1. Within the range 521-537, is there a residue that is of a type in the set (Asp, Glu), touching a residue at least 12 places away in the same chain (Cβ under 8 Å) and farther than 29 Å from ALA428 by Cα?
2. Can you pull out the residues in the range 122-138 that are in a loop (DSSP other than H, G, I, E, B) and touching a strand residue (DSSP E or B) at 6+ places or on another chain (Cβ under 7 Å)?
3. Within the range 200-246, track down each residue that is of a type in the set (D, E, K, R) and not in a strand (DSSP E or B).
4. Mind telling me which of the residues ALA494, ALA504 ends up being under 25 Å from the mean Cα position of the chain (by Cα) and either modelled with pLDDT of 95 or more or surrounded by fewer than 15 Cβ atoms within 10 Å (Cβ to Cβ) (or both)?
5. What is the residue count in the range 146-168 for residues that are assigned to a loop (DSSP other than H, G, I, E, B) and more than 14 Å from LEU130 (Cα to Cα)?
6. Within the bounds of the range 273-294, is there any residue that is over 22 Å from ALA15 (Cα atoms) and touching a residue at least 40 places away in the same chain (Cβ under 8 Å)?
7. Which ones in the range 517-555 are assigned to a loop (DSSP other than H, G, I, E, B), of a type in the set (Gly, Ala, Ser) and under 30 Å from ARG692 (Cα atoms)?
8. Out of the range 399-443, which residues are part of a strand (DSSP E or B), farther than 16 Å from VAL500 by Cα and in contact (Cβ under 8 Å) with a residue 40 or more places away in the chain?
Amino acid sequence: MSEVRCVAIVDPLDAGVLLAPALSAKGVVTVLVPGRDGQDADGFTHHLPWSPDPESRFKTLRDLGIDLIIPGSEPAVLVADWLSQRLGLPGNGTDLSTARRDKHRMHMVAASHGVRVPRQVLADNLAQVLDFANSHWPVIIKPQQAKGGDGVHYCTSAEQATRAFHALYGHHDVMGAVNRAVLVQEFISGPEYVVDTVSLDGVHRLSTLWTYGKGAPGFDSAGQFITKTLLPPDHPQAPLLFAFACRVLDALGIGQGAGHCEIRMGPDGPVLIEMAARLHGGPLAHELARTATGYSQCDLWVDAITDPAAFLAGRTGQSGPTLAAGMVLLRHPPPAGVLEQLPSLDRLFWNHPRPAPPALAGLATFIGGDAGMVAADMAVAAGEVTCTFLDDPAAIATLRPAWLSLLAQSSCNRAFAGPVWYQAALTAAPHLSPSLLAAWRGGELVGLLPLVQEGEGTARFASNLSDYNDAVVAQDNRAAAHALMAHARAWFPALELDCVRPDAACRITDAPLADPTVDCPFADLSQGYDAWRAGRSPSFREKLTRTQRKAAAAGVIVDTLNPDEWSLAADLFLSLHADRFGDRSLFTRFPWAADFVRAALPGLLADGAVHIVALRSGGEITGMCLCMVGADHLGYWNAGFRAVMEPFSPGVLMLHAALREAATRGLAEFDLLRGLEAYKDRWATGRRRIGRLP
C-alpha cells in the first residue's frame, strides 16, 4: 500500500467511531461518508453531505483525492467495497462483498474452501424450516444478514421453530432490511471465540482473542453473550483459532482491513459461526484491550494504514505484559452497591431508567493482574453467583447438612468455621443477632459467611474465641468468596473481620492485613513426624524423652478421650483449666466463655471437629488438651490439668501426643494458633501472621 494521507470512513458506528480520532492523531486527513442523515461528524476533517445516491459520493470522494476507503460499521461493508473498486483504491473488491454480509452465502463460500461450517438451509417458507429442523434438532434460526444477536433463536421443537419463523420472515432486521428468508442452522455446542484480525495486502495478523460466555441457550437468548473475556496471546487455542480465521479471511477475500471471526469449538474442531469485515464490538472492548495489552484492533488497523512496512514486518502490536480483562453485560446484576466492591472492577455503566431483567441494565468492565480474581468478579457481576441474607435461626439451622458438606470441601478449620461454633457463639451471647450470608449457584449452596451483629452495629465473625476466621467456600471457588465479601461490604456499613489468615478465602485482594495482627507458630509436618523431630534441637529431644520416661514410670498415660466420656468433656475441661490457671483462667473470668464451651464441645465432638488428648493418672483424667481440626492441620486451642500433675510436664506430654496425632492423620501442620508464648517456639518450625481485613 502506498502512503495514505486521506482516508474516508463510511458510516462509523460502535467501534468505528474510534477510527477518525486515531487516524487524525497520526496526521491523516479523515472524511466522513455518512450512512444516514444527521450523523455526528466530530473528529473528522471533512464531512460529506448525506445522500442516498452512491454516484454522488463517488464523484465527491474522487475530487477530494481519497487514498483509502474503509467501513466503519456492518452496513458500511458493501458501500466501502463498491466505492473502493470504483475509485481503484486498495480494498477487498466486490466479487465476494455479499458473502461478507449474507450469512448463507458466507457459509457456502467458506465451505467451498474447506472451512467447517454448520449444516444449514435458507428457507422462505415454514415447510422448509421444519423439514430441515426435524433432522437436526436443536437448530438456530436467524436473519440472513443478522448482526450480533439480532433475531437469533434457539429452537428444540416444531412449535419454537414456527414461532421463530413467523417472528422473522417478512419483518425488518436490526439494520432495516426485510427478511425475505430465514437461515436455519444446526446448533454447534462448545465454547465460542472471537478472533480479531487486521489484514494488509493479504497478510493477516492477530490483534486480540476473546471468548464469549452465553450461559445455557434459550429461545430468545442464544445470540446474547453475557460475558466477553480477553484471552492472552499465548492461550493454548490461539494458534488453531488464528489459523482457522485466516482460512476464512482468504475464502471470503478479506485481504485488507479489520475482521473478526466468531468460532465455535465443536466436538470435531473449530466451526465458523460468522465473519465480519469490520472492527469488533464497541469502543469499550478496544479501550479494555488497549489497557490490558498495550494495543487494540483499532490501533493495529491504524498502524497498518500509517506504517505498512512496520505492520508487515510484525513490528507493531502488543508492547507489554498482558493483564486479565473482560466485560459483563448486566442482565441480572447483583443488588446496588455490590459491583463497586469487586476488586477488579474497572468501569461501570448503567442504563437509565434501569430496565427489569433480563433486559440489559448496564455494562461493567474488569481488569487486573490476577486472572482468577477477574474471572471471579465477572461471575458475580453476571449473576452466576447470588447471595441471600439470613437472620432467622430456624432458617439457618436448615443449612446444617449443606454447611458441613461445604466445610469439608473448604480450607477452613472445621471447628472455627462450622455450624456448631456459630450456634454456640449465639447461645453464649444472646445479645448477638445472626447475620449469615449464603452464596448460591444454580440453586446449590456454594458459600457461607457466618457473621453476627450487636443491635444495628458492626458486623463481625461470631466469636473472638476463634483463632482463624473465614468464609466457607470450596477451595477452588473464588467466585463464591468474592460474592460473599462484595455483598457483605455493600450491606454492612461497619464490617470488622479479624483473625484472618493470609491465605483465607475471604481475603479476596492482596491488600496487607491490618492491625491488630498476631503471630501464629506452627510445626511443619509435611515430611512426617521423624523429619520434624530430627529438626528439633538435641536438648529438646533429650528433654522430651526424659519427660516421657518419667511419666511412664509413674503410670501417667496420654491417650484420646473416649466417646463414652464425651458427655463429661465440657465440665471436666473447665474444671481442669480452672485448676491449672486459677483466677487467670479465661473461662473463670468470663462466664460467657464457659457457656460457649458447654454449648460447643458436644457438637464439635459429634462432628469430629475437635480432637481431645486426655492425660490419665490413677484411672482419673487429670489433663485435657483441645485441638481443633483443620483441612490440613490440627490446631492446639486450649488445655488444662490438675496442679498435682505439674512435676510430670503435662503440657509437654499432651502437646507431643497432639502433634503425633496430626502426623498420623497425614496433616501438613500442627498449628499452635494465636500467641507467641515462649514454649511454642520450641515446637514450631515457622510462623504466620493473621490480622484484620482492611
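1. Of the range 521-537, the ones of a type in the set (Asp, Glu) are 524, 530.
Those still in the list that are touching a residue at least 12 places away in the same chain (Cβ under 8 Å) too: 524.
Then keep just the ones that are farther than 29 Å from ALA428 by Cα; that gives 524.
Among the residues of the range 521-537, at least one is of a type in the set (Asp, Glu), touching a residue at least 12 places away in the same chain (Cβ under 8 Å) and farther than 29 Å from ALA428 by Cα, which makes the answer yes.
2. Restricting attention to the range 122-138, the residues satisfying the condition of being in a loop (DSSP other than H, G, I, E, B) are 124-125, 134-138.
Scanning the range 122-138 gives HIS136, PRO138.
3. Kept after step one, since they are of a type in the set (D, E, K, R), are these residues of the range 200-246: 201, 205, 214, 220, 228, 234.
Hits for the range 200-246 are ASP201, LYS214, ASP220, ASP234.
4. ALA504
5. Looking only at the range 146-168, we keep the residues that are assigned to a loop (DSSP other than H, G, I, E, B), and these are 146-152, 156-157.
Going one step further and asking which of them are more than 14 Å from LEU130 (Cα to Cα), we end up with 146-152.
Total satisfying the criteria: 7.
6. Step one: filter the range 273-294 for residues over 22 Å from ALA15 (Cα atoms), giving none.
Scanning the range 273-294 turns up no residue that is over 22 Å from ALA15 (Cα atoms) and touching a residue at least 40 places away in the same chain (Cβ under 8 Å).
7. Start the filter on the range 517-555 by keeping residues that are assigned to a loop (DSSP other than H, G, I, E, B), which leaves 525-528, 535-537, 554-555.
Going one step further and asking which of them are of a type in the set (Gly, Ala, Ser), we end up with 526, 528, 535, 537, 554-555.
Matches in the range 517-555: SER526 only.
8. Looking only at the range 399-443, we keep the residues that are part of a strand (DSSP E or B), and these are 413, 432-441.
Now drop any that are not farther than 16 Å from VAL500 by Cα, which leaves 432-441.
Those that are part of a strand (DSSP E or B), farther than 16 Å from VAL500 by Cα and in contact (Cβ under 8 Å) with a residue 40 or more places away in the chain: SER433, PRO434, SER435, LEU436, LEU437, ALA438, ALA439, TRP440, ARG441.
The values are calculated or read from the model by the stated rules, or taken from the named source; none is laboratory data. From a predicted model like this one, the values you see are computed outputs, not experimental measurements. Methodologically, a virtual Cβ is constructed for each residue, glycine included, from the backbone with ideal geometry; neighbour enumeration extends over all protein chains shown.
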